[in-house]
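The values are calculated or read from the model by the stated rules, or taken from the named source; none is laboratory data. Since the structure is predicted, the reported quantities are computational estimates derived from the model, not experimental observations. We place every Cβ from the backbone using ideal geometry, glycine too, and count neighbours over all the protein chains shown. The protein model used for the area step is the full one, side chains on, heavy atoms only, and it has no ligands, DNA or RNA in it. Shrake-Rupley method; radii C 1.70, N 1.55, O 1.52, S 1.80 Å.
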Amino acid sequence: MADVLLTHSYHLYYDRKQMRKMQPYPPLGTLYAAALLRHAGISVAVWDTMLNDPEAGFEATLKQHRPKIVVVFEDNFNFLSKMCLTRMREVAYHILETSRQAGAMVLVNGSDASDHTLEYLQKGFRCVLLGEAESTLLEAVSHLLKGEESALECVAGLAYLHSQTREIVRTGRRELMRDLDHLPFPSRDLIDINQYRTAWKAAHGYFSLNIVASRGCPYRCNWCAKPIYGDSFSVRSPALVAEEMRQLKHDFGAEHLWFADDIFGLSQKWIRQLADEVQKLDAAVPFKMQSRVDLMTPDSVHALRRAGCAEVWMGAESGSQKILDAMDKGTRVDQIAKARENLRRAGIRACYFLQFGYPGETWKDIQNTIKLVRDTRPDDIGVSVSYPLPGTKFFDHVQAQLGAKT
């Protein structure tokens with residue numbers, strides 16, 4: 001039995017492209033929420049069917065645990081969960097209906113629920129948890145388990161329907177956590193890690209797990225949506241990150257790590273300290289992360305290599321300085337080549353994120369980007385079309401041109 005059953009509604013099972021890639025990661029955000037509830041003495045279970053039909057077996061799980069509260073808590077560290085497929089929303093609604101039939105109250109957190117709050121509430125979710133939601137969840141659950149539903153109005157970071165008017169009530173904005181070190185490690189023991197190991201080994205020959213060292217990004221690229229953290233940035237202590245790496249390596253058998261941070265290695269001093277701690281604990285595991293070209297200095301790259309870094313994805317975006325300036329990127333084209341060379345010398349794979357179609361881009365600009373790739377020979381590239389996301393300066397710039405596509 002468990003008072004609270006946590007789950008999520010992003011599943012590789014319904015994402016054909018990601019099933020072909022077969023790089024599944026546990027729902028880290030969901031497991032952080034579970035860990036915080038556990039730490040507060042609340043009995044918790046997690047229902048994770050990332051690789052299986054999520055609509056099969058949920059009713060049996062409810063009967064097994066008989067939770068008072070079910071929480072659809074999305075993994076906001078996984079960019080895939082922000083690209084809502086209609087099928088995933090249907091999964092969330094299935095979880096809702098099945099839970100309510102079992103007598104459980106249902107809460108939800110995630111990008112889609114935040115973007116379509118009224119729709120989710122009208123479907124029957126008791127609350128939508130907005131923004132950085134772990135502390136909000138803990139407060140809300142603590143009140144609800146005591147039968148104190150009226151106290152929800154005092155919990156920052158919530159949206160719910162007024163019991164009389166049925167209009168949306170939004171409580172005050174939740175302040176972001178500044179001290180990430182007080183969070184317990186994600187409760188990975190609550191899921192079937194072996195299923196992830198089997199999938200990775202079969203598809204790639206090694207086993208990868210995910211981890212985060214920070215939250216947020218202080219840079220202001222004008223196309224980047226930051227609905228949760230804005231321009232804030234908070235980082236965990238190098239010692240705790242290294243200890244979690246040690247745990248993933250020695251206790252869970254991880255042979256590779258993905259740091260899911262928005263940006264990694266912001267401080268050269270922090271990277272050096274991480275490398276020292278990793279070597280002290282025998283915690284080095286090959287890992288990949290994403291950063292910026294102007295942060296990949298020789299000293300930082302050397303420290304990253306000591307810490308185990310094997311692959312860096314950088315937002316190169318364009319080989320045209322005009323386009324980088326239009327994006328408010330804050331980097332120079334020549335820094336891309338320097339970063340690539342620094343990483344090559346350290347034996348670290350250098351990979352570029354590239355965008356095409358930013359307003360004002362000409363054929364000459366496109367040719368400059370192609371030339372950049374040909375000249376610097378990155379180990380891999382990821383190409384996307386510039387896309388205007390609500391809440392960004394880029395969106396405001398092109399909104400009048402979008403018409404019905406808004």
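Data overview
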| quantity | calculated |
| --- | --- |
| Which numbered condition Leu96 fails, given (1) out of contact with any helix residue (DSSP H, G or I) (no Cβ under 7 Å at 6 or more places or on another chain); (2) crowded, with 20+ Cβ neighbours inside 10 Å; (3) of a type outside the set (S, T, N, Q) | (1) |
| Number of positions in region 169-178 that are open to solvent by 50 Å² or more (accessible area, probe 1.4 Å), touching a residue at least 40 places away in the same chain (Cβ under 8 Å) and closer than 24 Å to Asp262 by Cβ | 2 |
| Ala310 surrounded by fewer than 20 Cβ atoms within 10 Å (Cβ to Cβ), over 18 Å from Arg188 (Cα atoms) and within 21 Å of the chain's Cα centre (by Cα) | yes |
| Qualifying residue in region 340-355 (condition: open to solvent by less than 40 Å² (accessible area, probe 1.4 Å), in a helix (DSSP H, G or I), charged (D, E, K, R) and closer than 15 Å to Ser386 by Cα) | no |
| Close pairs from region 8-37: first open to solvent by less than 10 Å² (accessible area, probe 1.4 Å), partner among the aromatic types (Phe, Trp, Tyr) and modelled with pLDDT under 90, Cβ under 7 Å, at least 6 apart | Leu28/Phe77; Gly29/Phe77 |
| Selected residue [part of a strand (DSSP E or B) and in contact with a helix residue (DSSP H, G or I) (Cβ under 7 Å, 6 or more places away or on another chain)] from Ala140, Ala159, Ala151 | Ala159 |
| Filter result (over 15 Å from Val72 (Cβ atoms) and touching a strand residue (DSSP E or B) at 6+ places or on another chain (Cβ under 8 Å)) within region 1-26 | Ala2, Asp3, Gln23, Tyr25, Pro26 |
| Of the criteria (1) modelled with pLDDT under 95; (2) on the phi < 0 side of the Ramachandran plot; (3) open to solvent by 50 Å² or more (accessible area, probe 1.4 Å), which one Arg166 fails | (2) |
| Residues of region 387-397 that turn out to be surrounded by 13 or more Cβ atoms within 10 Å (Cβ to Cβ) and assigned to a helix (DSSP H, G or I), as a count | 4 |
| Among residues of region 99-137, those that are part of a helix (DSSP H, G or I), touching a strand residue (DSSP E or B) at 6+ places or on another chain (Cβ under 9 Å) and either among the aliphatic types (A, V, I, L, M) or open to solvent by 40 Å² or more (accessible area, probe 1.4 Å) (or both), counted | 7 |
| Inter-residue pairs, beta-carbon under 6 Å, first closer than 22 Å to Leu324 by Cα and in region 224-236, second open to solvent by less than 30 Å² (accessible area, probe 1.4 Å) and not in a strand (DSSP E or B), 6+ apart | Ala225/Thr392 |
| Subset of region 32-70 (residues that are among the aromatic types (Phe, Trp, Tyr) and either part of a loop (DSSP other than H, G, I, E, B) or under 19 Å from Leu96 (Cβ atoms) (or both)) | Trp47, Phe58 |
| The lone exception for Ser187 - which of (1) buried (at least 18 other Cβ atoms within 10 Å of the Cβ); (2) farther than 30 Å from Asp231 by Cα; (3) of a type outside the set (Phe, Trp, Tyr) it fails | (2) |
| Residue that is within 27 Å of Tyr206 (Cβ to Cβ), surrounded by fewer than 18 Cβ atoms within 10 Å (Cβ to Cβ) and out of contact with any helix residue (DSSP H, G or I) (no Cβ under 8 Å at 6 or more places or on another chain), where the choices are Asp325, Asp379 | Asp379 |
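Residue-wise test of (1) in contact (Cβ under 8 Å) with a residue 12 or more places away in the chain; (2) within 20 Å of Glu311 (Cα to Cα).
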| site | (1), (2) |
| --- | --- |
| Lys338 | yes, yes |
| Arg344 | no, yes |
| Pro359 | yes, no |
| Asn368 | yes, no |
| Val373 | yes, yes |
| Pro390 | yes, no |
